[in-house]
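Take a look at the structure set out below.
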Amino acid sequence: MSGSPQQIAVFLPNWIGDVAMATPVLRALRRQFPRPTQLIGVMRSYVVDVLAGTPWLDEVITYARNDWRSSVSLVRQLRGKSLDVAVLLTNSFRTAVIAYLAGAKTRVGYARSGRSWVLNRRLVAPRVSGKFVPAPVLDYYLELAYALGCPPESAQLELGTLPDDEHRADDVWRRFQLPPDRSVVTLNNGGAFGAAKLWPNEHFATLARRIAGELDKHVLVVCGPSERELARALVTAANHPRVVSIAEEPLSIGLTKACVKRSRLMVTTDSGPRHFAAAFDVPVITLFGPTHIAWSENHFARAEHLQLPLACSPCQQRVCPLGHHQCMRDLSPDRVFASVARELAVNSIPTSNQNRSAA
């Protein structure tokens with residue numbers, strides 16, 4: 001690449017957790033290409049709040065899924081930016097064609113989904129017998145930054161919160177009389193991937209009741225808009241005054257980030273909020289069933305992964321193809337509780353959850 005680029009568009013992933021795992025790439029690009037180079041984030045509207053409070057992007061452009069009008073509008077917007085570089089963290093054919101039609105001089109991405117012809121800086125993901133080798137997407141993303149000359153970058157995730165997010169979390173803490181000393185355990189049983197990722201809600205309720213009763217901790221259940229009923233049912237089944245949820249709150253990604261940020265520990269399915277914990281240095285126990293741990297590994301030192309060694313797992317299916325959901329159902333509350341008790345017994349409680357963002 002000759003000269004320093006002035007306009008860089010970064011096409012961000014479509015999943016909340018993947019956007020969190022893209023933050024090392026944004027940090028690397030910002031360090032290698034300081035302002036006045038403009039970093040433009042191109043993303044779905046529902047993931048914008050993941051990056052709210054971080055310092056790297058100069059502009060955000062959103063687009064809709066499978067909508068040709070949105071695609072045409074996006075091409076027009078990007079053509080008006082006179083892009084020097086398009087960095088494709090997405091793997092879709094559509095986004096690569098958009099970058100091509102937008103006139104980006106350098107288009108860097110992985111050669112897959114039949115899109116090699118529209119890329120002029122191609123990376124190849126490793127395969128064995130025609131199948132992609134499970135590897136952390138975080139590292140996969142960083143390779144794109146390295147292809148643009150960025151030096152080695154830390155894999156540490158970074159996120160921020162906005163003042164309004166913190167005020168709303170303050171309200172939650174006051175309403176439920178939660179302790180201010182970062183001793184709350186946060187539970188999350190959501191996941192947009194599909195039902196196969198969910199731990200049985202009765203297991204989560206048993207875990208919550210035992211954390212509150214036996215470990216004398218407050219438990220806060222977080223959820224997304226489509227998971228309110230799960231959260232309500234969990235609290236009802238736990239039937240303990242120290243087990244509460246944010247299901248009745250005006251929900252947002254920002255509120256979830258702020259709640260996780262001030263927690264002592266998080267127990268979660270393999271879903272986006274587990275990466276919030278890593279970004280805010282909050283210990284996290286993740287319950288894996290059908291998904292391969294390697295794909296979403298974020299290299300967080302304070303993480304524990306629990307997964308049963310079954311012949312049928314990980315299958316990467318959204319719904320159990322065998323109908324028994326054994327990978328999650330047989331992961332017992334006793335086993336998860338033992339991990340929670342062990343983590344809470346550790347004396348080294350993080351003392352600061354400040355956003356470690358660096359421009």
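Values quoted throughout were computed directly from the atomic coordinates according to the rules given, and no laboratory measurement underlies them. Owing to the predicted nature of the structure, the values given are computational and were not obtained by experimental measurement. So basically every Cβ, Gly included, is an ideal-geometry build from the backbone, and we count neighbours across all protein chains shown.
With only Lys, Arg, Asp and Glu charged, each at its Cβ (+1 for the first two, -1 for the last two), find how big the charge dipole of region 163-345 is about the Cα centre; round to the nearest 20 debye.
Here region 163-345 has a charge dipole of around 140 debye.
I want to check the label-to-label distance for Arg182 and Thr62. Put each point 7 Å from Cα in the C-beta direction and report it in nm to one decimal.
3.2 nm
Given the -39500 (n - 2.57) contribution per DSSP H run of 4+ residues, what per-residue ellipticity at 222 nm results for the chain, rounded to the nearest 500 deg cm²/dmol?
So the helix-based figure for the chain works out to -9500 deg cm²/dmol.
Given charges of +1 on the Cβ of Lys and Arg and -1 on the Cβ of Asp and Glu, with all other atoms neutral, how large is the dipole of region 7-146 about its Cα centre, in debye to the nearest 20?
Here region 7-146 has a charge dipole of around 420 debye.
Write down the percent of antiparallel bridges among all DSSP beta bridges whose residues are both part of the chain, to the nearest 5.
5 percent
As a quick test, which of the pairs Lys217/Lys257; Lys81/Lys197; Lys131/Lys197 have an alpha carbon distance above 32 angstrom in this structure?
Lys81/Lys197
Considering the options Ser183, His167, Leu207, tell which one lies farthest towards the positive end of the dipole of region 163-345, charges being +1 on Lys and Arg and -1 on Asp and Glu at the Cβ, about the Cα centre.
Leu207
For region 7-146, give the share of DSSP beta bridges that are antiparallel, in percent and rounded to the nearest 5; count only bridges with both residues there.
Counting DSSP beta bridges with both partners in region 7-146, the antiparallel share is about 10 percent.
I want to check the label-to-label distance for Leu322 and Ala294. Put each point 7 Å from Cα in the C-beta direction and report it in nm to one decimal.
The answer from the label model is 2.1 nm.
For region 7-146, how big is Rg over Rh, using alpha carbon atoms and the Kirkwood form of Rh?
With Rg and the Kirkwood Rh in hand, the quotient comes to 0.94.
When a/c reaches 1.5 or more, the comparison of a/b and b/c decides; with that in mind, is region 243-308 rounded, prolate or oblate per its Cα gyration tensor?
prolate
Between Val97 and Ser4, what is the FRET efficiency for a Förster distance of 25 Å, r being their Cβ-Cβ separation, to the nearest 0.05?
The computed FRET efficiency comes out at 0.40.
So what's the convex hull volume per residue for the Cα atoms of the chain, in Å³?
142 Å³
Using a simple spin-label model with points 7 Å from Cα along the Cα→Cβ vector, what separation in nm is obtained for Ala341 and Gln77?
5.2 nm
May I ask you to work out the translational diffusion coefficient for region 79-118 at 4 °C, viscosity 1.567 mPa s, via Stokes-Einstein with Rh from the Kirkwood sum over Cα pairs, reported in whole µm²/s?
It diffuses with D of about 131 µm²/s by this estimate.
Might you report the magnitude of the Cβ-based charge dipole of region 142-241 about its Cα centre, with Lys and Arg at +1 and Asp and Glu at -1, to the nearest 20 debye?
480 debye
With the dipole of the chain worked out from charges on the C-beta (+1 for Lys and Arg, -1 for Asp and Glu) around the Cα centre, which of Phe300, Ser252, Leu144 lies farthest toward the positive end?
Leu144
Translational diffusion coefficient of region 163-345 at 10 °C, 1.306 mPa s, Stokes-Einstein with Kirkwood Rh over Cα pairs, in µm²/s as a whole number.
Result for D is 98 µm²/s.
By a straight-distance test (C-alpha under 16 Å), which aspartates and glutamates pair with Lys105 as possible cross-link partners, with residues fewer than eight away in the same chain excluded?
Asp84
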